[in-house]
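Reviewing the structure listed below.
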Amino acid sequence: MKVLIALTYYRPHISGLTIYVERLARALAKRGHRVTVLTSHYAKDLPYSEVMDGVTVIRHPVAFRVSKGSIMPGFLSRSLMLMREHDIVSVHLPQAEGGPLALVARMLVRKPVVLTYHSDLQLPPGILNRVVDRFVFASNMMAGIFANRISAYTEDFARHSPFLSRFEDKVVVILPPIEISPTDANAVRVLKARCHAEGHTIVGFVARFAEEKGIDYLLDSIPRVRERIPNVKYLLAGEYQNVIGENVWKRLQMRIQQYREYLEILGPVPVQEIGNFFGACDVLTVPSINSTESFGLVQIEAMLSGCPVVASDLPGVREPIRMTGMGEVVPIKDACALADGIVRVLQNRAAYIRARAEIEKMFSLERTVQAYESLFESLR
């Protein structure tokens with residue numbers, strides 16, 4: 001089977017969406033399918049075309065950006081040519097080109113279209129971002145109309161999403177692809193030493209520094225957590241300075257400096273080392289504040305590494321904890337509730353731990369890829 005995957009950003013860009021697609025594309029290629037990824041040439045030092053893990057990656061030139069979106073003249077005509085060479089078109093939303101891509105695939109090339117809806121789009125405040133939000137939603141709606149099927153992470157998110165709830169008859173729930181290497185005890189010790197965290201109780205966070213991630217509330221939880229757990233240290237991993245369309249790092253500098261004694265900012269953690277990061281943490285936090293977050297792959301990765309989670313009570317985001325019992329769900333935008341959830345887990349941590357095998361029964365890369373493979377085959 002020949003699969004064309006279209007999305008705005010692909011690896012080495014780091015986000016839950018890009019990691020999801022990379023895992024899916026790589027696994028499909030490993031199973032003998034021909035997989036092509038069409039994406040944006042978002043960084044000048046990247047090649048326009050390359051093969052990564054058996055996947056052909058084509059990066060289309062970007063003329064300029066509007067917020068997080070890329071303006072790419074000729075993208076649709078190039079998509080049209082590639083669609084003719086493939087059996088199925090897999091479009092990953094949100095993206096501004098989603099609607100036109102689905103229309104071209106169904107009406108001009110007569111190829112089946114499967115959407116994967118990763119999250120709603122809610123850009124930071126600003127008139128331009130509101131215009132972009134509405135444009136992308138309209139494009140998503142067009143994509144939904146022309147798509148054969150729409151994949152969602154969870155039923156919980158699908159029920160509450162303004163987009164997915166309009167296409168109930170097309171929605172197929174497929175849990176996201178999860179894979180993570182076992183924790184290496186020696187590497188964990190080295191990481192703790194590098195972060196000056198030996199002997200500390202560690203609260204972890206892994207994400208881009210973006211508005212929807214709720215970093216403000218995580219920082220504001222520090223004093224309340226320290227009242228009951230004085231030796232706590234927060235390890236914050238993820239891209240923080242060069243996040244496209246965001247200024248969170250700059251905006252939060254005063255607060256970061258206020259709590260600097262209790263923080264370590266690690267920057268991006270390589271995929272092959274992320275299990276060791278979770279192994280170093282006593283609890284992981286996912287304090288997201290809106291439906292731009294729909295699940296949080298890091299939650300399952302942490303759980304597989306033996307680390308419980310405190311996550312926001314958002315549709316989809318609360319599901320990993322509901323499914324596994326391995327953590328606490330807390331109200332959104334509430335630093336006190338977040339702190340109380342962190343303390344509850346840390347003071348009774350053993351009660352939240354589940355065996356890795358128990359988590360693997362629910363979440364696995366193999367199960368996700370088989371579900372996509374069956375879906376694609378049913379539409380050929």
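For region 130-144, does any single residue satisfy the condition of being closer than 24 Å to residue 323 by Cβ and either assigned to a strand (DSSP E or B) or of a type in the set (Lys, Arg) (or both)? For region 130-144, residues closer than 24 Å to residue 323 by Cβ and either assigned to a strand (DSSP E or B) or of a type in the set (Lys, Arg) (or both): absent. Of all residues assigned to region 236-248, at least one qualifies as being surrounded by 21 or more Cβ atoms within 10 Å (Cβ to Cβ) and part of a strand (DSSP E or B).
Using the structure shown, decide if residue 181 is among the small types (Gly, Ala, Ser), farther than 30 Å from residue 96 by Cβ and not in a helix (DSSP H, G or I).
The answer is yes for residue 181.
Are any residues in region 157-178 of a type outside the set (D, E, K, R), farther than 22 Å from residue 362 by Cα and either in contact with a His (Cβ under 9 Å, 6 or more places away or on another chain) or not in a loop (DSSP other than H, G, I, E, B) (or both), and if so, which ones? 160, 164, 165, 167, listed by residue number. When you check residue 202 against the structure, is it touching a Gly at 6+ places or on another chain (Cβ under 7 Å), crowded, with 18+ Cβ neighbours inside 10 Å and either at pLDDT 90 or above or closer than 30 Å to residue 222 by Cβ (or both), yes or no? Here the answer is no, as residue 202 does not meet what is asked. Checked against (1) of a type outside the set (Ser, Thr, Tyr); (2) crowded, with 17+ Cβ neighbours inside 10 Å; (3) in a helix (DSSP H, G or I), residue 208 passes all but condition (3). Taking residue 154, is it at pLDDT 95 or above, crowded, with 17+ Cβ neighbours inside 10 Å, within 30 Å of residue 366 (Cα to Cα) and among the polar types (S, T, N, Q)? Spelling it out, residue 154 is indeed at pLDDT 95 or above, crowded, with 17+ Cβ neighbours inside 10 Å, within 30 Å of residue 366 (Cα to Cα) and among the polar types (S, T, N, Q).
Residues in region 5-15 that are surrounded by fewer than 21 Cβ atoms within 10 Å (Cβ to Cβ) and assigned to a strand (DSSP E or B): none. Of the candidates 53, 87, the single residue that is in the same structural domain as residue 371 (by TED's automatic domain parsing), on the phi > 0 side of the Ramachandran plot and not small (Gly, Ala, Ser) is 53. Those strands (runs of 3 or more DSSP E) of region 16-111 in which 1 or more residues are crowded, with 22+ Cβ neighbours inside 10 Å, touching a residue at least 24 places away in the same chain (Cβ under 8 Å) and among the hydroxyl-bearing types (Ser, Thr, Tyr) occupy 34-40, 69-71, 88-93.
Please count how many residues of region 184-199 are touching a strand residue (DSSP E or B) at 6+ places or on another chain (Cβ under 8 Å), outside any helix (DSSP H, G or I) and surrounded by 14 or more Cβ atoms within 10 Å (Cβ to Cβ). Residues flagged as touching a strand residue (DSSP E or B) at 6+ places or on another chain (Cβ under 8 Å), outside any helix (DSSP H, G or I) and surrounded by 14 or more Cβ atoms within 10 Å (Cβ to Cβ) within region 184-199 amount to 2. All told, residue 310 meets the bar of being within 21 Å of the chain's Cα centre (by Cα), surrounded by 24 or more Cβ atoms within 10 Å (Cβ to Cβ) and either at pLDDT 95 or above or of a type outside the set (A, V, I, L, M, F, W, C) (or both).
The values are calculated or read from the model by the stated rules, or taken from the named source; none is laboratory data. All values derive from a computational prediction rather than experimental measurement. Cβ: placed from backbone, ideal geometry, glycine included. Neighbour counts: every protein chain shown.
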